[in-house]
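Data first, discussion second: the structure below is written as C-alpha cells.
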Amino acid sequence: MRSESPTPSPDQEKKDFLCSVREGLRSRPKTIPPKYFYDAHGSHLFDLICTTPEYYPTRTETAILEHHSEEMAEMIGTSSTLIELGSGSAIKTPLILRHLSHDAVYVPIDICEPHLRNSTQRLQTRFPALKMQPLCADYHRLPAHAIKHHVGRRKVVFFPGSTIGNCTPDEAVTLLKRVAALVGPGGGLLIGVDAKKSTETLNAAYNDAAGHTAAFNRNLLTRMQSELGAQLDADQFAHHAYYNEPHGRIEMHLVSRCKQAIRLDGESFEFDEGESIHTENSYKYSAQEFKQLARTAGWHLQSNWHDENELFNVHYLSQ
Ligand code: AVJ
C-alpha cells in the first residue's frame, strides 16, 4: 500500500475552507458546501447517522450489495482497476472486493486523510492479495489523468452511498462526464442512488431521534470556530432538514434562532431571525430519472438492482 500525492496540505485545506465559507456567507441565500461536513469528527458523526433506524439508505444499499455483489463483480470483470470516489470508511467495499479477481487494483479516493489511511489498512489486511493505491484528493477536482499506471486495464468507478445526490442535476451530469473521462472507453460505473419516496420517510431519515444528523449539520459551525477562528454562537443555530418535493431533494439548513452575526476574518455576517445557511441538498431519483440523467452524460445502463420496496437503486453503467 502506498499513498499517492497530491495530498492537500493542511494549510491549503484551511484556505479552501475559509474561502468557501466566506463566499458562501456573502451569497444570498447563504450557503456552505456539504463537503466540509467531513472532517474526522464529521465523518464519525456520519457513520453514526448510518446506524440510526431512520436513515435507511446505508443499510438498504448494503443489503443490495450483499445480495448482488457477485453479479456486480462479474460486470466489473477481471484485471480491472476499481476506483472508489469518497471512500470514507469504505464499509461497503469488502462486499465488492471479496468477489474481485486477485489481480484487481483498488484505488480509494477521499479528502479525509486519517479516514483514508485507516480504511485502506483495514481492507489491505482483509484482502492481502489485492493491490491498493489510496489517493488523498478531492474527487471533484480530480484531473482525468489522476489514475495512472493502469494502461490496458478496465477502470470502473465505484460511487456508493448516493453521494451524487449532493450535486444538482446539472452538476451531476458534469460529474458523470468527468467520471467517463477518468475511466475512458470501455470503463464502467457502479453507483448507488437514493430513490424518491414518501415525504414522511425522507424527513425522518434526516431528522433522526438520536440527533446525529443535527450534530453532523452543526459540526460545520464548530469547525468554523476551531479551524477558522469564527466568532459565533452555535447554540443559536437550529438544525432544519425537510423534503422539498418540487425539487425532488432533501434540504439541510442551519437556521438562526435570533438576529445575530458571525464574525469571520474581520468580516461580519448578519443574520435575521429565521434566516438560514443552506448546508446540503440531497437529490432523489427514480431509476428511470437516473437512467435519463446518466444518458445525458454518455452512460448506458447495463444493470439495475434495488430492494423490494425500491427505496434505493444500484446501477451499473458503461460508456
Ligand atoms: C452522504 C450525501 C449521501 O445525502 O443522505 C446524511 C449525507 N446528510 N444525512 C445524504 C447526509 C445528512 C448523505 N450523503
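Here, each number is a calculation from the coordinates, and none is a lab measurement. Quick caveat, the model's predicted, so the values are computed rather than measured. Here Cβ is always computed from backbone atoms with ideal geometry, including for glycine, and neighbour counts include all displayed protein chains.
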- Query: Running Debye on the stretch 58-98 with equal point scatterers at the Cα sites and no solvent, what base-10 log of I(q)/I(0) appears at q = 0.23 Å⁻¹?
  - Reply: -0.82
- Note on the structure: When all Cα-Cα pair distances of the chain are considered, the percent exceeding 27 Å is 44 percent
- Would you mind getting the Kirkwood hydrodynamic radius of the stretch 60-174 from its Cα pairs, rounded to one decimal in Å? 14.6 Å
- Would you mind classifying the stretch 126-171 by shape? Square roots of the alpha carbon gyration tensor eigenvalues, ordered a ≥ b ≥ c; an a/c under 1.5 is rounded, otherwise it is prolate if a/b is larger than b/c and oblate if not. prolate
- Message: Cut-off is 10 Å between beta-carbons; in what order do TRP299, TRP305 appear when sorted fewest neighbours first?
- Response: TRP305, TRP299
- Would you list TYR56, TYR206, TYR242 from fewest to most Cβ contacts within 10 Å? TYR242, TYR56, TYR206
- Against the longest principal axis of the chain, how steep is helix 169-183, in degrees 0 to 90 to the nearest 10, with axes from Cα atoms? 40 degrees
- How many lysine pairs in the stretch 1-136, separated by 8 or more positions in sequence or lying on different chains, have Cα atoms less than 22 Å apart? 6
- Rounded, prolate or oblate: which fits the stretch 172-255 when a ≥ b ≥ c are the square roots of the eigenvalues of the alpha-carbon gyration tensor, with rounded for a/c under 1.5 and prolate only if a/b beats b/c? oblate
- Task: Would you mind calculating the relative contact order of the chain from Cα pairs under 8 angstrom and at least 6 residues apart, reporting the percent as a whole number?
- Result: 21 percent
- Order the peptides 186-192, 307-313 from the highest to the lowest mean number of other Cβ atoms within 10 Å of their residues. 186-192, 307-313
- Task: Rounded to the nearest 10 degrees, what's the angle between the helix 287-296 long axis and the longest principal axis of the chain, both from Cα atoms, 0 to 90?
- Result: 80 degrees
- Go through the stretch 119-132 residue by residue and turn each phi into a ³J(HN,Hα) via Karplus (6.51, -1.76, 1.60, θ = phi - 60°); whole Hz please, and just put x for glycine and proline. 5, 5, 4, 4, 5, 5, 5, 6, 10, x, 6, 7, 7, 10
- Note on the structure: In degrees, nearest 10, the alpha-carbon axis of helix 40-49 is tilted away from the dominant principal axis of the alpha carbons of the chain by 80 degrees
- Note on the structure: Reduced to Cα centres, the span from the stretch 195-240 to the stretch 84-142 in Å works out to 28 Å
- Message: With 10 angstrom as the radius, rank GLU227, GLU84 by how many other C-beta atoms surround their C-beta, starting from the fewest.
- Response: GLU227, GLU84
- Volume per residue that the Cα convex hull of the stretch 90-238 spans, once the total is divided by residue count, Å³: 168 Å³
- Query: Which of rounded, prolate, oblate describes the stretch 109-185, given a ≥ b ≥ c as roots of the alpha-carbon gyration tensor eigenvalues and a/c under 1.5 marking rounded, otherwise prolate only if a/b is larger than b/c?
  - Reply: oblate
- Taking H as built 1.01 Å from N, whose amide H comes closer than 5 Å to the amide H of ILE83, not counting residues under 5 places away? VAL107, VAL156, VAL157, PHE158
- Query: Per residue Cα convex hull volume for the stretch 220-309, in cubic angstrom?
  - Reply: 176 Å³
- Note on the structure: Non-local residues with an amide H under 5 Å from the amide H of GLY211, with H modelled 1.01 Å from N and Pro and chain starts lacking one, are none
- Note on the structure: In deg cm²/dmol, rounded to the nearest 500, the helical mean residue ellipticity at 222 nm of the chain, built from -39500 (n - 2.57) for every DSSP H run of length 4 or more, is -11500 deg cm²/dmol
- Would you mind counting up the charge near ALA234? Only other residues with Cβ under 13 Å from its Cβ, with Lys and Arg at +1 and Asp and Glu at -1. +1
- Item | Convex hull of the stretch 1-114 built on C-alpha atoms - directionally averaged projected area, nm² | 9.4 nm²
